[in-house]
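Below is one structure, written out as structure tokens; comments come after it.
The values are calculated or read from the model by the stated rules, or taken from the named source; none is laboratory data. Keep in mind the model is a prediction, meaning the values are calculated, not measured. Here Cβ is always computed from backbone atoms with ideal geometry, including for glycine, and neighbour counts include all displayed protein chains.
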Amino acid sequence: MKPINRLSLCGCFFSVLLFLLHQQIISAQLPTADLRQIRPFAAAAGKTVKVSVIGSNLDDASELRFSHPGITAKPVMLPADDIYPKPRIQGSQFEVVVSDDVPPGIYEVRAVSYFGLSTARPFVVAPADSQEVDETGNHASRETAQPVEVNSTVTGSVPSRGIDWYRFQAKGRQRILVELIAERVDSRLDGQIVVYDSEGREITRNRDWYGRDPFLELQSEQDQEYFLAISDILYRGGSEHFYRLHISDRPHIDFVFPPAGEPGSRNVYTVYGRNLPGGSLGNAVVLNGQRLESLEVEIQLPEVATPPDSFQPWKPRQGILNGHGFQLENSNSVNIGFATAPVALETAGKEIQTVSVPVEIAGQFNEPNEEDVYQFHATKGKTYCIEVIADRMKSKVDPYLEIFQITKSKDGEVTRKKIAENDDLPSFFSTDNKDAINFDTVDAAASFTAEADGLYEVVALNQFGGGSPAHIYRLAIREPTPDFQLFASTERTLPTNRTGYSVTPLLRRGANWGVRIVAPRQDGFTGDIVVTAEGLPQGVSAKPLVLSGKTDRGVLVLSADPTAKRWAGEIKLVGKAQVNHKQAVREAKFASLIWGHIFSDSIRVRSRLTTQIPLAVNEDEEAPVVITPSEEKTWTVELNQKLEIPIQLTGKGIRKGNLTIEPNELFGMLRRPPTVNIAEKETEGTLVIDFKPNGNFKIEPGQYQLALMGVGVTQYRHNLPASEAATAEVKRLEELIKMIKSDVELTKTNTENSESALEQVKQNAEQLKQTQEDYATSLKANQTAADRLKRAETALAQAIAKASSTEKKAVAADNKFAAWSKLITVNVTKPAEK
């Protein structure tokens, strides 16, 4: 798999096109809450900040929920007064309190609104002593560069077609590290850093060091002032192109070798990096022109290997790799992996290295286009699994594997017979382009059964072609170790395909929601994986999903009955299987698209894991349609025969046009699934599935589960309770104004009477004082009533505008929607013998 070159696009036209199509796509779906930004998105431990939330369908946002209990929030409230008898939420602002015991790191935040629990966004907690700086003023040129200090962190965003400039003073021989964090906090910024000296000469530049985020080092013999130019590589910008810029001389770990150890082991590892406490330049390792320090450290790994539970900004398969976080003092954290076999180090400079199996080799592609060769003795009849881990631990390596059987003839001639090879692990990208989340990895794995006792050879190479000590990999050679991993995801379902938009499951009353399940199997594991949902609220259920045999993907259907109540929270999806006569339990990790895209098969769609699996129930809205097979049973069909599934439609929604129904996540079906169209006025139809194996349907005898998925158009009213509440508020204010006008007239009359009485008693000194006080009181009451009337009329104007807006939204309009049936089990039998 070769690296993909970026395409240059006309920024202005393409941005407009994306915006228009995004608006069309969003408006064409039943709404769910989407949080696009939280500003500011960072705070130091022990601080309180006021934040704003920005997104779509965040109607009546009332809560912010963070993935750490030490981060809490409450909405900013407007106090009650004589116009509004109850406190009100002030738009979309919240006061966030970060407890002083919250560890520095990246956490997640979701908003709770009428449309449920929103998509998640990162929230950064900085150390309590962090020197936090906000970008300020005009710093769009080198002459106006914003001054900052070493060991400070700047939070900012680049403008469209613009550059952010900063300058700082460094001491002679001070090793300064400059790092931009953008992609890793869900920014759209594809950043670059260009460094200039005080004379305006370019010193260095960088991009794509950590994913799309740049990192570089600066060091000078003398004191030096540096200028930093921060921009997007295509000079895109705006509020969604935000970043955190670190300038520091703190410890930084580039990599650790070996990159893995056996669970429970205590071994010496070499840490490579910069500004390492106690580090030495003795190992002469050079990375991107900079010499790295090294330090030997003894590390104890935990007994049980578990995937990380913290925020993971990387691709899903990178975020789930078992590992132990390690750092030196206040350095960055790196993962030490958990090896699946005893660890052996690659012998540098050796053309062919002989190893004993089982083994996990810690290797490095030190030079560009290097091939590493290992030989081992295999036993006839035994199966051996060879696996390379590189991409999954974020090494810039695209491994390729070749396996040879080595034989020697009687006259000494050596023959190499290729018996297996592999480029990438099996893909989970859908061939019909309906799923955009990237569950893939470019790591390689292969297996073979030895035909004879003897010598076998494994050749590993990096298809990216690069080489350096940091191009590390893990090569495992072992007998099969069956296992599996578990992922869950949902995306906005569209009939047009080629689109990818993140969505959070929201169950309307009586509705079903399909959650895609992906279960990568390891070393040929074929046992049943039973996936269940835990922590569901009352009124919500899910039939267990059974992934049988080779099945490694499916759909788990969450169902809300008509009595389900409003709810927003987190659930667990758990997979259980018998592995080597023991029950293995794996909790699913939830994957989500970071930003929506049209043409998701053409753009670098970014997806990552979230820390929790969200779910919400909306009790005010009902499913537009409910799809149900005519019978609840296990369906049986013989291979090469057709299966007919009669379908019934129920529900109170108003459909427009056909409802197109197809089998969803039927394992083995690649593209162009069979469909049935049920007309607008009809409630019954029959889906026919031909279980004849062909190039598009890799089906064989076994038990399978699927859901029926229908896509159609319904008449939908957006947040009708909000429209009703806004109308009621207008009526309340109109009645209040009537009352206030009456008060104004009454106080005006009282004032006039008091004024007349005052004129009459001016000659009577004894009555004058009391009459003056009565007049002043009446005048004040009249002024107060008039002021209240003015404020009430302003409030009424605002309420009328809100009522008009919500009424327009609540007008019945055509909206596309997707609906699922509950799980259907199909037993495919062998053809009858003739």
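Would it be correct to say that L556 is modelled with pLDDT of 95 or more, over 12 Å from D528 (Cα atoms) and not assigned by TED's automatic domain parsing to the domain that holds L189?
yes
Restricting segment 705-722 to residues that are touching a Gly at 6+ places or on another chain (Cβ under 9 Å) and surrounded by 21 or more Cβ atoms within 10 Å (Cβ to Cβ), which is nearest to K802 (Cα to Cα)?
The residue in question is Y716.
Of everything in segment 178-218, what is in contact (Cβ under 8 Å) with a residue 60 or more places away in the chain and in a loop (DSSP other than H, G, I, E, B)? Give them in sequence order.
Passing the criteria: A182, D186, R188, G211.
What are the residues in segment 267-284 that are more than 19 Å from R474 (Cβ to Cβ) and either touching a strand residue (DSSP E or B) at 6+ places or on another chain (Cβ under 6 Å) or among the polar types (S, T, N, Q) (or both), if any? Write out each step before concluding.
Initial filter on segment 267-284 (more than 19 Å from R474 (Cβ to Cβ)): 273-284.
G273, R274, N275, L276, G278, G279, S280, L281, N283, listed by residue number.
Condition first: on the phi < 0 side of the Ramachandran plot, exposed (fewer than 15 other Cβ atoms within 10 Å of the Cβ) and assigned to a loop (DSSP other than H, G, I, E, B). Now tell me which residues in segment 165-177 satisfy that. Break it down into steps so the answer makes sense when it comes.
We begin by selecting, within segment 165-177, every residue on the phi < 0 side of the Ramachandran plot; these are 165-172, 174-177.
Within this subset, residues satisfying the condition of being exposed (fewer than 15 other Cβ atoms within 10 Å of the Cβ) are 169, 171-172.
Hits for segment 165-177 are K171, G172.
Would you be able to say whether some residue in segment 787-797 is within 30 Å of V713 (Cα to Cα) and not assigned by TED's automatic domain parsing to the domain that holds D60?
Going residue by residue through segment 787-797, those that are within 30 Å of V713 (Cα to Cα) are none.
No: segment 787-797 contains no residue that is within 30 Å of V713 (Cα to Cα) and not assigned by TED's automatic domain parsing to the domain that holds D60.
How about segment 323-362: which of its residues are part of a strand (DSSP E or B) and among the polar types (S, T, N, Q)? It would help to see each step written out before you state the result.
Residues of segment 323-362 part of a strand (DSSP E or B): 323-326, 334-338, 343-345, 352-354, 359-362.
Hits for segment 323-362 are N335, Q353, T354.
Take the residues in segment 132-164 that are more than 30 Å from the chain's Cα centre (by Cα) and touching a residue at least 40 places away in the same chain (Cβ under 8 Å), then tell me which one is surrounded by the fewest Cβ atoms within 10 Å (Cβ to Cβ).
E149
Taking segment 554-572 as the region of interest, how many residues are surrounded by 19 or more Cβ atoms within 10 Å (Cβ to Cβ), in contact with a Leu (Cβ under 7 Å, 6 or more places away or on another chain) and not hydrophobic (A, V, I, L, M, F, W, C)?
Residues that pass the stated criteria total 1.
Give me the residue from segment 55-82 that is hydrophobic (A, V, I, L, M, F, W, C) and surrounded by fewer than 15 Cβ atoms within 10 Å (Cβ to Cβ) and, out of that set, farthest from V98 (Cα to Cα).
Restricting to residues being hydrophobic (A, V, I, L, M, F, W, C) and surrounded by fewer than 15 Cβ atoms within 10 Å (Cβ to Cβ), the top hit is A80.
Being of a type in the set (V, I, T) and either free of Cβ contacts under 8 Å to residues at least 60 places away in the same chain or closer than 24 Å to F429 by Cα (or both) narrows it down to one residue among V579, V546; which is it? Working first, answer last.
On the way: V579 fails: either free of Cβ contacts under 8 Å to residues at least 60 places away in the same chain or closer than 24 Å to F429 by Cα (or both).
The match here is V546.
Of the residues V271, V297, which single one is part of a strand (DSSP E or B), buried (at least 22 other Cβ atoms within 10 Å of the Cβ) and modelled with pLDDT of 95 or more?
Values: V297 fails: buried (at least 22 other Cβ atoms within 10 Å of the Cβ).
Exactly one of V271, V297 is part of a strand (DSSP E or B), buried (at least 22 other Cβ atoms within 10 Å of the Cβ) and modelled with pLDDT of 95 or more, namely V271.
Go through the residues of segment 513-522 one by one and say whether even a single one is touching a Gly at 6+ places or on another chain (Cβ under 6 Å), crowded, with 18+ Cβ neighbours inside 10 Å and over 30 Å from E360 (Cβ atoms). Please lay out each step first, then the result.
Of segment 513-522, the ones touching a Gly at 6+ places or on another chain (Cβ under 6 Å) are 517.
Pick out the ones that are also crowded, with 18+ Cβ neighbours inside 10 Å and you get 517.
Filter once more, keeping what is over 30 Å from E360 (Cβ atoms): none.
No: zero hits.
Going through A813, A728, A832 one at a time, which residue ends up being more than 30 Å from E619 (Cα to Cα) and at pLDDT 80 or above?
Unique residue meeting the criteria: A832.
In this structure, does E387 turn out to be closer than 19 Å to D443 by Cβ, surrounded by 15 or more Cβ atoms within 10 Å (Cβ to Cβ), without any contact (Cβ under 8 Å) to a residue 60 or more places away in the chain and of a type in the set (D, E)?
Taking the combined requirement at face value, the residue does not satisfy it.
Please work out which residue is farthest from E346 (Cα to Cα), limiting yourself to segment 248-285 and to residues that are in contact (Cβ under 8 Å) with a residue 60 or more places away in the chain and of a type in the set (V, I, T).
Applying the filter and picking the extreme gives I253.
Does segment 114-152 hold any residues that are in a loop (DSSP other than H, G, I, E, B) and under 25 Å from S56 (Cα atoms), and which are they?
Listed by number, the residues that qualify are Y114, F115, S118, T119, A120.
Going through segment 806-834 one residue at a time, which ones are of a type outside the set (A, V, I, L, M, F, W, C), within 30 Å of L30 (Cα to Cα) and touching a residue at least 40 places away in the same chain (Cβ under 8 Å)? Talk me through it step by step, then tell me what you get.
Initially, segment 806-834 is screened for residues of a type outside the set (A, V, I, L, M, F, W, C), giving 806-809, 814-816, 821-822, 825, 827, 829-831, 833-834.
Within this subset, residues satisfying the condition of being within 30 Å of L30 (Cα to Cα) are 806-809, 814-816, 821-822, 825.
Within segment 806-834, T806, E807, K809, D814, N815, K816, S821, K822, T825 meet the criteria.
Hey, any hits in segment 635-644 for a residue that's more than 14 Å from L706 (Cα to Cα), within 34 Å of the chain's Cα centre (by Cα) and not polar (S, T, N, Q)?
Checked segment 635-644: no residue is more than 14 Å from L706 (Cα to Cα), within 34 Å of the chain's Cα centre (by Cα) and not polar (S, T, N, Q).
Of the numbered conditions (1) over 30 Å from H68 (Cα atoms); (2) crowded, with 16+ Cβ neighbours inside 10 Å; (3) modelled with pLDDT of 95 or more; (4) in contact with a Ser or Thr (Cβ under 7 Å, 6 or more places away or on another chain), V637 satisfies every one except a single condition; which is it?
(4)
State whether one or more residues within segment 313-321 are crowded, with 21+ Cβ neighbours inside 10 Å, touching a residue at least 40 places away in the same chain (Cβ under 8 Å) and assigned to a strand (DSSP E or B).
no
Within the bounds of segment 376-396, is there any residue that is of a type in the set (S, T, N, Q) and closer than 21 Å to N283 by Cβ?
yes
If you take the residues in segment 219-259 that are in contact with a Gly (Cβ under 9 Å, 6 or more places away or on another chain), part of a loop (DSSP other than H, G, I, E, B) and among the small types (G, A, S), which one is surrounded by the most Cβ atoms within 10 Å (Cβ to Cβ)?
Top of the filtered list is G237.
Filter segment 58-70 down to the residues that are at pLDDT 95 or above and in contact with a Phe, Trp or Tyr (Cβ under 6 Å, 6 or more places away or on another chain), then identify the one that is farthest from T611 (Cα to Cα).
Among those residues, the one meeting the criterion is L64.
Only one of V557, V530 is closer than 27 Å to K582 by Cβ, hydrophobic (A, V, I, L, M, F, W, C) and part of a strand (DSSP E or B). Can you tell me which?
Result: V530 is the single residue among V557, V530 that is closer than 27 Å to K582 by Cβ, hydrophobic (A, V, I, L, M, F, W, C) and part of a strand (DSSP E or B).
In segment 537-553, which residue that is of a type in the set (K, R) and within 17 Å of I699 (Cα to Cα) is surrounded by the fewest Cβ atoms within 10 Å (Cβ to Cβ)?
K550
If you check V102 against the conditions, is it at pLDDT 95 or above and in a strand (DSSP E or B)?
No; evaluated as a whole, the condition is false for this residue.
Starting from residues that are touching a residue at least 12 places away in the same chain (Cβ under 8 Å) and over 19 Å from V397 (Cβ atoms), keep the ones in segment 348-358 and report whichever is surrounded by the fewest Cβ atoms within 10 Å (Cβ to Cβ).
From segment 348-358, those touching a residue at least 12 places away in the same chain (Cβ under 8 Å) are 348, 351-358; that's our starting set.
Of the ones still in play, those that are also over 19 Å from V397 (Cβ atoms) are 351-352, 354-358.
Details: E351: 8, I352: 11, T354: 12, V355: 19, S356: 10, V357: 20, P358: 17.
Per the criteria, the residue is E351.
Identify the residue in segment 398-413 that is polar (S, T, N, Q) and either within 46 Å of the chain's Cα centre (by Cα) or assigned to a loop (DSSP other than H, G, I, E, B) (or both) and, among all such residues, is nearest to D453 (Cα to Cα).
Q405
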